[in-house]
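Peer 1: Structure below; questions to follow.
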Amino acid sequence: MATLVLDNGAYTAKIGYSQENVSVIPNCQFRSKTSRLKTFTANQLDEIKDPSGLFLILPFQKGYLVNWDVQRKVWDHLFGKEMFKVEFADTSIIITEPYFNFTSIQESMNEILFEEYQFQSALRINAGSLSAHHYFHSKPSEICCLVVDTGFSFTHIAPYCRSKKLKEGIRRVNVGGKLLTNHLKEIISYRQLHVMDETYVINQVKEDVCYVSQQFYKDMEIAQMKGEENSVMRDYVLPDFSSIKKGFCKPREEMVFSGKYKTGEQILRLANERFAVPEMLFHPSDIGIQEMGISEAIVDSIQSLPEEMQPHFYQNIVLTGGNTLFPGFRERLEAELRSRVPAHFPVSVLLPSNPVCYAWEGGKLLAHNPDYDEMVVNREDYEENGHCICEEKFDI
């Protein structure tokens, strides 16, 4: 019996068999301006000749799976001949979903897994629970951990004690990678170049040049300096999809500080955008989102828990999700927490080597757990008892 682990994120799906390695694949469909009629699914992205004006059709809206037609197409592609060649009758699946997912979405998921694809057995679980499983597996002496999962749609903060999630401590900050990319699009469109249709390109810009500032006001001052003194400023060469396939950051020594470039490339000049965009994770109120930043939400979450447990959580904070890849993210979060937390509590923030696949790796470990068969729902059980057996077994 094979076990397929699918961390079904709103931006990428992390998928692979529990004996093999993980593949990270865009969890969406694409259409490009040039070939309007043709839809590309998941990793067929590479076949698009001209990805300018690429629009993404996402199965997730605001973090919840609402567009089942797109999700089915992506899954058909992933499970099909080209990718994982799944033998459904002999396969168990571990699939992730967000905290407090709507019952209607959970029921649709059951129906699709058991009735359409007819998997032999399934386990629906929160991605954070898999991350916590991974953490406790790597540090067996610990009993508490706080998973900070900052992804595409939003940022979740979830405390776990002995692998059980403490629901009263779960917090959600409605800031994720999608909001950051959209905000960067707006700033660039307002200041220099209309890029509102270029989600895909600007997302790449964000990943290449943005970072988290350790001293926001100091960096702001540097970003306003003229010429070479401005150490924050970068020139980003936009792709033209004929000679330049992928955008890149100009090396510092090739930058022209006064006048124009002779090379004829399209340049975006980025200064304070580089750190003002990820800053929204820490201060959403900067752009009028009335919410706590990540460090504030972490403290709020931990303070809602029993007092004797609090120091254990501050010592075991683990970061997952794509936004943690911004340079300086971990250091900034640790510094902010240090200033908010009583001095006698040690604070430790762990950034795993691959934070995007951390939950998937946890699922891989879980699949080899001796208790795994007790956790899943088999197709026979589902056919006999329907949704209620899933409700009993899966704690979402």
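The values are calculated or read from the model by the stated rules, or taken from the named source; none is laboratory data. This one's a predicted model, so the numbers in the text were calculated from it and none came from an experiment. Cβ coordinates were reconstructed from backbone atoms using ideal geometry, including for glycine residues, and neighbour counts include every protein chain displayed. All accessible areas refer to the heavy atoms of the entire protein, side chains included, with ligands and DNA or RNA removed. Shrake-Rupley method; radii C 1.70, N 1.55, O 1.52, S 1.80 Å.
Peer 1: Go ahead and estimate [θ] at 222 nm for the chain from helices alone: -39,500 (n - 2.57) per DSSP H run with n ≥ 4, summed, over the residue count, rounded to 500.
Peer 2: -9000 deg cm²/dmol
Peer 1: Which whole-number value in Å³ per residue fits the convex hull of the alpha carbons of region 177-278? Please list the in-between numbers first.
Peer 2: Details: hull volume 10.8 nm³, N = 102.
Cα-based convex hull of region 177-278, divided per residue, equals 105 Å³.
Peer 1: Here is a follow-up. Too long at a 30 Å Cα-Cα cut-off: which of Lys81/Lys164; Lys14/Lys245; Lys38/Lys393; Lys62/Lys364; Lys85/Lys164?
Peer 2: On the way: Lys81/Lys164 37 Å; Lys14/Lys245 25 Å; Lys38/Lys393 41 Å; Lys62/Lys364 27 Å; Lys85/Lys164 34 Å.
Listed pairs above 30 Å: Lys81/Lys164; Lys38/Lys393; Lys85/Lys164.
Peer 1: Still on this structure, please answer the following. Could you give the accessible area per residue of region 177-278, probe 1.4 Å, as a whole number in Å²? Write out the running numbers ahead of the final one.
Peer 2: Details: 5620 Å² over 102 residues.
Per-residue accessible area for region 177-278 comes out at 55 Å².
Peer 1: Separate question: Suppose every Lys and Arg Cβ carries +1 and every Asp and Glu Cβ carries -1, with no other charges. What dipole size does region 37-182 come out with about its Cα centre, to the nearest 20 debye?
Peer 2: 640 debye
Peer 1: A follow-up question, please. Using a 1.4 Å probe over the heavy atoms of the protein chains, calculate the carbon and sulfur portion of the accessible area of the chain as a whole percent.
Peer 2: Of the solvent-accessible surface of the chain, carbon and sulfur hold 50 percent.
Peer 1: Shifting gears a bit: Leaving out ligands and nucleic acids, note down the accessible area per residue over region 317-396 with a 1.4 angstrom probe, in whole Å².
Peer 2: Numbers: 3900 Å² over 80 residues.
That works out to 49 Å² for each residue.
Peer 1: What is the distance, in nm, between label points placed 7 Å from the Cα along the Cα-to-Cβ direction at Asn385 and at Ser242?
Peer 2: 6.4 nm
Peer 1: Right, here's the next one. Which residue, Ala127, Ala158, Ala343, has the most motion in a Gaussian network model of the chain that connects Cα atoms within less than 10 Å?
Peer 2: Ala343
Peer 1: For Thr12, list long-range residues whose amide hydrogen, built 1.01 Å from N in the peptide plane, is under 5 Å from its own amide hydrogen.
Peer 2: Correct list: Asn27.
Peer 1: Give me the one-decimal nm value for the distance between modelled label points at Glu253 and Glu168, 7 Å along each residue's Cα-to-Cβ direction.
Peer 2: If labels sit at Glu253 and Glu168, their model points lie 6.1 nm apart.
Peer 1: How far apart, in nm, are the 7 Å Cα→Cβ label points at Leu193 and Met375?
Peer 2: A separation of 4.6 nm, rounded to one decimal place.
Peer 1: Here's another thing I want to ask about it. Please get the size of the charge dipole for the chain, origin at its Cα centre, with Cβ charges of +1 on Lys and Arg and -1 on Asp and Glu, quoted in debye to the nearest 20.
Peer 2: Charge dipole of the chain: 1460 debye, to the nearest 20.
Peer 1: Over the chain, what per residue volume does the convex hull of the Cα atoms give, in whole Å³?
Peer 2: That works out to 153 Å³ per residue.
Peer 1: Can you tell me how much longer the chain between Thr263 and Glu291 gets when fully stretched, taken as 0.36 nm per residue apart minus their C-alpha distance, in nm with one decimal?
Peer 2: In short, 5.6 nm is gained.
Peer 1: Okay, moving on. Starting from the amide H of Ile94, placed 1.01 Å from N in the peptide plane, find each other amide H under 5 Å away whose residue is 5 or more places distant or on another chain.
Peer 2: Amide H neighbours of Ile94: Leu4, Val5, Leu6, Leu123.
Peer 1: Right, another one. Return one whole number: the accessible area per residue of region 30-72 in Å², for a 1.4 Å probe.
Peer 2: Values: 2290 Å² over 43 residues.
About 53 Å² of surface per residue is accessible.
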